[in-house]
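Before any comments, here is the structure.
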Amino acid sequence: EYPTARRDRFVNVLGLPRYDADVLTAEKATADYFEQTLALLSSANRKNPKENAKSVSNWVMTDVLRVLSEKKISLREFPIQPARLAAMIGLIHDGTVSGKIAKDLFDEMLSKPDEPRVIVKREGWIQVSDTAAIENAVSEVISANPQQVEKYLAGNEKVFGYFVGETMKRMKGKGNPRIVNDILRKHLESKRS
């Protein structure tokens, strides 16, 4: 398959932006790595194939290519093979780790040959989706910041990000962001009555 045909397939079939497709098909090895990772991820999860493609594209373009450039190595020398990258992205998709923790996990995978799930367990990086623990952290953050609550209730929507950040800090970055957002919104809105 010619690079231009492959690029067009990435755009038309996988739904990638043209820029992503251009970067991924600039070198055959990069396109092969991307497709192998995508195939492994897609066989392991039931997400929309276009969603999988964008996730893999983001990691390859942002993190994999950065490391190759910094270390001046080729993909053959890169320590994270497609199966391990696919497994790591799968942990994000299934809610085991947050995107923030995934960055630490990626860095750890560069120096350790262990499977991502093994590293996550060993380091204690499993994301907290326990609503009771999140409710507790949210309550503490709201109680400790009455001025910010007033700003939010007065219509300053930007303050919401502050609450998210403080809650995540309190949970050491392990809170499930979607659940944190939902619970925070509920708690803050309940203050209106």
Just one of the numbered conditions (1) without any contact (Cβ under 8 Å) to a residue 24 or more places away in the chain; (2) outside any helix (DSSP H, G or I); (3) within 29 Å of residue 35 (Cβ to Cβ) is not true of residue 104; which one?
-> (2)
Residue check: is residue 171 within 30 Å of residue 64 (Cβ to Cβ), of a type outside the set (Gly, Ala, Ser), open to solvent by less than 50 Å² (accessible area, probe 1.4 Å) and modelled with pLDDT under 95?
-> yes
Filtering the range 142-193 down to residues that are small (Gly, Ala, Ser) and on the phi > 0 side of the Ramachandran plot yields 155, 173
1 or more residues open to solvent by 30 Å² or more (accessible area, probe 1.4 Å), modelled with pLDDT under 95 and closer than 25 Å to residue 107 by Cα: qualifying helices (runs of 4 or more DSSP H) within the range 1-65 = 28-44, 49-59
If you go through 152, 162, the only one that is more than 19 Å from residue 96 (Cα to Cα), open to solvent by 70 Å² or more (accessible area, probe 1.4 Å) and of a type outside the set (S, T, N, Q) is 162
Going by the structure shown, is residue 70 out of contact with any Asp or Glu (no Cβ under 9 Å at 6 or more places or on another chain), open to solvent by 40 Å² or more (accessible area, probe 1.4 Å) and in a loop (DSSP other than H, G, I, E, B)?
-> no
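The values are calculated or read from the model by the stated rules, or taken from the named source; none is laboratory data. What you are looking at is a predicted structure, and each value in this text was computed from that prediction instead of being measured. Reconstructed Cβ throughout: ideal geometry from the backbone, glycine too, with neighbour counts over all protein chains shown. All accessible areas refer to the heavy atoms of the entire protein, side chains included, with ligands and DNA or RNA removed. Shrake-Rupley method; radii C 1.70, N 1.55, O 1.52, S 1.80 Å.
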